[in-house]
1. If I filter the stretch 95-108 for residues that are touching a Phe, Trp or Tyr at 6+ places or on another chain (Cβ under 9 Å), over 14 Å from Ile51 (Cα atoms) and part of a strand (DSSP E or B), do I get at least one hit?
2. Here are some residues: Gly206, Gly199. Which one is within 24 Å of Leu143 (Cβ to Cβ) and loosely packed, with under 14 Cβ neighbours inside 10 Å?
3. Among the candidates Val136, Val196, which residue alone is more than 12 Å from the chain's Cα centre (by Cα) and over 15 Å from Gly90 (Cβ atoms)?
4. Given the criterion surrounded by 13 or more Cβ atoms within 10 Å (Cβ to Cβ) and within 12 Å of the chain's Cα centre (by Cα), identify the matching residue among Tyr175, Tyr156.
5. Going by the structure shown, is Leu119 more than 18 Å from Phe47 (Cβ to Cβ) and part of a strand (DSSP E or B)?
6. Return the residues of the stretch 80-107 that are without any contact (Cβ under 8 Å) to a residue 40 or more places away in the chain, under 21 Å from Asp207 (Cα atoms) and surrounded by fewer than 18 Cβ atoms within 10 Å (Cβ to Cβ); say none if nothing qualifies.
7. Can you pull out every residue in the stretch 141-188 that is assigned to a loop (DSSP other than H, G, I, E, B) and acidic (Asp, Glu)?
8. Please verify whether the stretch 108-116 includes one or more residues that are touching a Ser or Thr at 6+ places or on another chain (Cβ under 9 Å) and either of a type in the set (A, V, I, L, M, F, W, C) or closer than 17 Å to Lys201 by Cα (or both).
Amino acid sequence: MGKHKRLILSVLGVACAALALFLIAVHLTVTGAAEGRELDAASGEPFSVVIVPGAAVRETGKPSDILSDRLLTALELYWSGRVEKFLLSGDHGRAEYDEVNPMRRFLLAHDVPPEDIFLDHAGFDTYDTMYRARHVFQVERALVVTQDFHLPRAIYLARAVGIDAYGVPADRQPYVKIDSFKRREWLAQAKAVLDVWFGSKPTYVGDVIPMAGDGRVTWDEE
């Protein structure tokens, strides 16, 4: 092997090792921020708001299994009196793709009063969701409902932007692509930490919409 090839391999080896150490440090940072903040859905102290991050929606317009389970878990919290309002945050950045209105219709079909449903149409990722929850919707304390693989990152980001957040896992069934989701979560955690370190701004901020009012002010369709 030539001298130049050995040098290139050495540099690549050092870079890979540095990347691995960075990802491990990121993972420990994220999971450490969420430690002790996972609560049981069945009982516990009340919160005024439950934040439900968006996820994929089927071509039929129905929530995917992952999103349905988040909504069902949030519903359990609502009907048990643990939470008072829903903040449904997802990607509705283009007319042909909409996560938040299928979430809204799901809750309405389960008899949730419309005034208790707030929509964040610009929750394009978890950082945007939590930043906007704090700065647009004025949320200071909340429960976050999502799957186990995503919960530490969601809590970490919520706390990083100033929300006293606790999480409830929404894993109600096995998920077909769960291994892929878990692998991608390492990179998603890295992006989350970098967003916090560099003080990133969400794609949209917008006017303040306090959640003390009627959620229908956030709807774009009836």
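1. Within the stretch 95-108, none of the residues are touching a Phe, Trp or Tyr at 6+ places or on another chain (Cβ under 9 Å), over 14 Å from Ile51 (Cα atoms) and part of a strand (DSSP E or B).
2. The unique qualifying residue is Gly206.
3. Values: Val136 fails: over 15 Å from Gly90 (Cβ atoms).
Being more than 12 Å from the chain's Cα centre (by Cα) and over 15 Å from Gly90 (Cβ atoms) holds for just one of Val136, Val196, which is Val196.
4. Tyr156
5. yes
6. If the condition is that a residue be without any contact (Cβ under 8 Å) to a residue 40 or more places away in the chain, under 21 Å from Asp207 (Cα atoms) and surrounded by fewer than 18 Cβ atoms within 10 Å (Cβ to Cβ), then Arg94 is the only one that fits.
7. Listed by number, the residues that qualify are Asp148, Asp171.
8. no
Since every read-out is calculated from the coordinates, none of them should be taken as a lab result. Just so it is clear, the model here is predicted, and its values are computed rather than measured. Cβ atoms come from the backbone with ideal geometry, glycine included; neighbour counts cover every protein chain shown.
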